[in-house]
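Worksheet for the structure shown next.
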Amino acid sequence: MTELMSLLYEYAQNHRVAGFIDARACQEAERLEERNLAALKGDLSARGLAALERYQDASLEREAMERAAVFLAGFSLARELL
């Protein structure tokens, strides 16, 4: 991403994305995720917890890459439409 695109991406993440998310549904999904994660962590050994944390880190990194790719795709599409 260029510096300009990075700035636009940050702006979109901080000021625009929330307008496209159903806040109530997102909060409910977060609560469900937290409950399930707590239940899972309660049943894991120390080794399992470490593996889960590595999994979560990798998953967050992949999700960040996907969000950036979606932004870039939308930006590219918008440029083509102009």
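Contact map, the range 43-62: residues that are more than 15 Å from E33 (Cβ to Cβ) paired with residues that are among the charged types (D, E, K, R) and open to solvent by less than 100 Å² (accessible area, probe 1.4 Å), Cβ distance under 8 Å, separation 6+ or inter-chain. Pairs shown: L49/K41.
Residue check: is V70 part of a helix (DSSP H, G or I) and open to solvent by less than 100 Å² (accessible area, probe 1.4 Å)? The answer is no for V70.
Just one of E61, E28 is in a helix (DSSP H, G or I) and either open to solvent by 90 Å² or more (accessible area, probe 1.4 Å) or at pLDDT below 95 (or both); which is it? Spell out the reasoning first.
Values: E28 fails: either open to solvent by 90 Å² or more (accessible area, probe 1.4 Å) or at pLDDT below 95 (or both).
After applying the criteria, what remains is E61.
Taken over the range 8-42, the residue count meeting the criterion of being closer than 22 Å to V70 by Cβ and free of Cβ contacts under 8 Å to residues at least 60 places away in the same chain is 20. Going by the conditions given, is Y55 farther than 16 Å from M1 by Cβ, out of contact with any Pro (no Cβ under 6 Å at 6 or more places or on another chain) and among the aromatic types (F, W, Y)? Yes, satisfied.
The values are calculated or read from the model by the stated rules, or taken from the named source; none is laboratory data. Please read these numbers as outputs of a predicted model, since none were measured by experiment. As a convention, Cβ positions derive from the backbone with ideal geometry for all residues, glycine included, and neighbour counts pool all protein chains shown. Accessible surface is based on the protein model in full, side chains and every heavy atom, while ligands, DNA and RNA are left aside. Shrake-Rupley method; radii C 1.70, N 1.55, O 1.52, S 1.80 Å.
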